[in-house]
Structure formats: structure tokens, C-alpha cells
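The values are calculated or read from the model by the stated rules, or taken from the named source; none is laboratory data. Just so we're clear, the structure is a prediction, and the values are computed from it rather than from any experiment. Heavy atoms of the whole protein, side chains included, go into the accessibility calculation; ligands, DNA and RNA do not. Shrake-Rupley method; radii C 1.70, N 1.55, O 1.52, S 1.80 Å.
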Amino acid sequence: MIRTRTQRVRQRKQRHQLMIRLLMIAVVPPMLAGALFWAITQMRGESVSQAAAENAPPATANLSHDLASSSQPRPAARAPVRSVSLPETKPVVKEVRESGLTVVDLSSTDSRPSSMQLAEEEPTVLAVRRKDVSDEETLTGAFESSLPLHGHNSVDDAVFGKLFKLGIQPSGLCSDEVFLRRVYIDVTGTLPDAAEAAAFLRDTDQRKREKLIDELLERDEYADYWAMKWCDVLRVKAEFPINLWPNAAQAYHRWIRTAIRENMPYDQFVRELITSSGSNFRTPQVNFYRAMQSKEPEAIAKTVALTFMATRAEKWPPEKLAGMSQFFTKVGFKPTGEWKEEIVYFDPRQGTQGNDPLTCVFPTGHRVVVPQNTDPRFVFADWLIQDKNPWFARAIANRTWFWLLGRGIVDPPDDVRSDNPATNQELLNRLAEELVSSGYDMKKLLRLILSSSAYQLSCIDRSGDAHAAAYFAFYAPRRHDAEVLIDAICQITGTTETYMSIIPEPFTFLPDNQRAISIPDGSITSAFLEIFGRPPRDTGMHSERNNNLTAGQSLHLLNSNHIRDKLKKGRGLTDITKRTINTTQKAEQIYLAILSRYPTEDELQIANTWCGDWQGTRELAWALINSDEFLFQH
């Protein structure tokens, strides 16, 4: 007989109800009997205790009271335990933080295996924490070094001098494990693999941190990651509202990445962006003038001020903005016969009548008269990149500091104004002076900051001062960029992502092995990047990127098929653990690959029980990927 859908649903419902009744019959009576037995046992135990207390001598009674009231009682001596049966339990949620992240206590989830052989000399290892290691000591060992704190360069002199004047205690130096992960991500946007992490931690060279910095600055990933940062600022986007179109966006990104890889002096980098003329396909620098929502001189002036002077020109007096806009009145645009190609050029016919010279005003208030046949962009560029310019070197020094430490000396780093002063003017001046004296060598500036003790401070705030973060007394944790996070997950799981843009037709798809940090076009994206706050590249402001952890992001990492399938189907965990011979080595390799460090003793004891089979190994990796230590740069 053919049953209707309603009949099938009703039959399934009846079956479920029958199963529930059977389970209640089988489970509830034993539970009630167990509860009754427990209550009787407790009553008998209390009676015995009271009787013993009444018959005991006074000295013994006082000693028992002292032990019972102690904050850390010593475990009672017991006979060696050879087997402990652990009940099937679900993970215990310790807390749900304001950020939306759910913190799970792994130590209470251990139901694997159901019966565990415990060492005779340490029978209570799963029942209590070690008494000889405090929480603070464990935290310090994992995140903070025992080495003394001292200054290395002019950056440290400025930072620690300010902290000393304010009476704010700086944190200690970060551990090698933390430094390794921090500098890899800040310089290359990439996690170290397990082999790289193990090699660095084994190295006993006192200069290994400086050597690692030099090595990372020469890697291709450095050019990829810092090109991504500059593409955010320069609005490299093919579609609305920037409308560079795919060919121009690809060419623009390639030029930016090449300039960073070859360490083009920063003043030359800026000069080429401001003064270049030509095809947007063949002279990629000219896309600076096309990557704007308006091509009016005033809009161009605002973009130049934001990008290279780190100031919001819309907050200026109207006459100041109008004076600077005159430098860009002769920028012309014309199409060609090739689809979406456009020529950017100097058009002397625009902006003035006849052969009259052009009067422009620098942001300092100084007036300059530009002859008719002279491109005023060159005049402005010469003024902008001069060594004594109060905006230029400080703007990029502050932006670089922000990219490395998560907070600008002037914060936000693209809103410099008189009522938003630097928290450490001496530090900002010294960074600018070092940059100028090096010939605008960006790698030297990066090396100076990365080698400083100020950058290498731990993330543990020792001062308790409300202003400690603003004065860089510790390294403030922040969530990883969306691109860094998905690349790290793909690296760990051995999987890839699909990145695409659905407009214009034909759709744009990138190769499967494309890393998110090397995506050239802001229009090419994925669901993960959108959820985790990748900037749309519409304005070039740093506030476009949202690195705040939300409830939706936490749920995606905890429960989505996207992350589950990566862990289940990817070969990454298999490749990480294929050469291990026991659960201890497997756990160590998992920790090195995900957290760039070895597990602590307590973590290793828990992880050993999970690494006995493939499902447990995958669940351990899932738990670590959802931890604050993985999600946050610290």
C-alpha cells in the first residue's frame, strides 16, 4: 500500500514516542534507586563522622578543623588505583564571553577511553590539578619569558621612558613560542608549520629572534601579506563603488606587490602613485586616481590626504581643502578603443583660463604659483615627500606601528588632528627620523620595530593601569584578520577555499590553491571572509576592517559544516601526525601545528586520551581551533 507523506510522518512520530517510553522504563528506575542508595550512604557517613568527632581528643579535633578549613588541602593518602572508570559526560561550558566566544573545559570532557590505566605513583592526575604549579606560573611559562627586560634600540628608549614617567609597569618579554607565532603572522600573515616551530624552539642561538625576522622579511608571503594591507588602503577593487574593473585591479595589485617585494623606497612609491600618467592597464600606478568614488579635484585631495598624510581633509576649513584641491584640477581621463581601458594624464587645458598660471595652497598655508605647462601634481609630490614634511614620514611610521601592534601611536592611524594627539610623541618622532635617515627603507623600519623589546612584550598586563594599552605596556591581543584565519585553517586541515566574484560576467574564479592574503581584488571574496569582517575597500579607512569576534563567527567555527568538513575530509591532520609513533608525539605535533608550541603537562595528559584514535584527534584539533589562543594574535 502506498502511504502518504502525512502517514509516514505520523508513523515515525509513533515510533519515537515508543522509544522514549522504553528508555524511561529502562533508565528512570535505576536512577531513582541509585539516588536513594546515595542518600542513605551520605546519612550513614555523617553519623559515623559525628560519632568519631565526639570520641576524639581535643588536639586531634583542632587539627582536623585546621585541615578542613585550609584553602589548599593536601590529598589524603590512598592505596594505588589501577583502573578508574570515567562516566560518559558532555563538555562543560566554563563561560560565554562578551565577545561571543564559548569557552569549553576540556578537562571535564574526558570520556575516552571508558577505563584508563593510571600510574601507581600518581593516581589522582585526572581528579585534581597539580599542587606544585600555580595558575600564574603555568600562564607565565606558556606566554612569558623568564629573561630580564631591557632596551635594544631607540624604540625601547622612547616606550620605556614614557612608561617610567607615568609609573606604569611593563609586562615581561614574551616566550619564544609566542614570539614565533606573533612575528610569523605580523610579517607574513602565515602560521609556522610544525617543523618550523619545533626547529625554532630547539635553537639555542641567542640571536635566533633577529635571524628569524631577517628570514621572514625575504619570504614571498611577506610581499603577499603587506600588499594585502596596502590594497585595503589604496582601494584595489574591480566592482562598485570603485569600479577599477578586473584587468586594472590585477595590474594594480601586481605593481604594489612587486614594489613591496623589491623594497622600493617609500618616497618613490608615493611619488609614482601621485605623478604617473598612462593606461590603467599598462601603467598600473595611475589606478590610484581611478580607485576613488569621485574624480573631482576636491575628492582627489581628500583621498591623497587620507592615504599619505593620515588626516581627514573633510574636517579641514573649506578654504584649506580648496587650496590643496587646486593641485589636482589638471588630472584628465579619457577612454581608448580597448574595453574598460582609460588613460590618466596631465591636461593643461583644465582648471584655468587661457595661459594663466595656477595658484595652489599647501596644507601648511604656503601659496605656490604653478606655470601653465607644469603638472601641479609634481609640485605637490615634491613638497609631500621632503624630509621636513610634518605629515609624511610620521603618517607611515604610525601606520606601520598600528599594523604590527594593533594600535596606533595616534589612534586611529588615519585620523591625525590637533585634538587627537600621539600618546608618545617622542616615539613617533624617532620612528619618522629612523625612516628618513634610512632613505625610506620600509624593511629597516619593520626590522627596528620587530627587534625592539616593546614589540616583544608579552600579552599579560602586569600593571593593572587603565592606560597601559595606550602606552604599549604590553602587547594587546587582537583577533586575526579574516584572510589570515582562513589561510591558517586551510593550512592545518590541508584543504582549500573557493574565492569568486559574481559580477561582472563572466564570473571571476580564482585557482583552488589561492591563499586569501594574496587575493588581488576586493570584489573577489567568500562567505567566510564576509562573516569575519574583511574590508569592502570602499573608502581606504582602517575602520572598514572589523576584527571584533562576534557570536555569529563563534557559531560558524563551532558548528558549521564548513569547518567540520575541513577537519573531516582534509588530509592536513593525517600529514601532521603520520610520522608519530605514540599519542604523546601526536599531541605534540597537533599543538605545534595549531598553536606553535608544545602542550603543557596538564594539556598533554588530557590530549593523550583524545589522540588514541582518529576521531579523538580531530576533536582535539577542533577544540584548539576554537580557542582564544588560536583566534587571537597575542
Karplus 3J(HN,Hα) series, Hz, for segment 594-602 with 6.51 cos²θ - 1.76 cosθ + 1.60 (x for Gly, Pro):
9, 10, 6, 7, 7, x, 6, 4, 5
Expected vector for segment 373-379, Karplus 3J(HN,Hα) from phi with 6.51, -1.76, 1.60 and θ = phi - 60°, integer Hz, x for Gly and Pro, equals 8, 9, 6, x, 4, 5, 5
Counting only protein heavy atoms and leaving out ligands, DNA and RNA, the solvent-accessible surface of residue 177 at a 1.4 Å probe, in Å² to the nearest 10, equals 50 Å²
Kirkwood-based Rg to Rh ratio, segment 306-423, C-alpha trace:
1.06
Once amide H atoms are built 1.01 Å from N in the peptide plane, which residues 5 or more positions from residue 457, or in another chain, come under 5 Å H to H?
174
Residue by residue, what Karplus-based ³J(HN,Hα) values in Hz, rounded to whole numbers, does segment 508-525 have, using 6.51, -1.76 and 1.60 with θ = phi - 60° and x for Gly and Pro?
9, 10, 9, x, 4, 8, 6, 7, 5, 5, 9, 5, x, 10, x, 7, 8, 8
Please go through the residue pairs 229/443; 302/330; 229/334; 229/330 and name each one whose alpha carbons sit more than 19 Å apart in this structure.
229/334; 229/330
Quick one: ranking 261, 349, 478 by accessible area, 1.4 Å probe, largest first, what do you get?
349, 261, 478
Value of D in µm² per second that Stokes-Einstein yields for segment 203-357, Kirkwood Rh from Cα pairs, at 25 °C (0.890 mPa s):
141 µm²/s
For residue 578, counting only lysines whose alpha-carbon sits under 20 Å away and dropping same-chain residues fewer than eight positions off, the answer is 566, 568, 569, 586
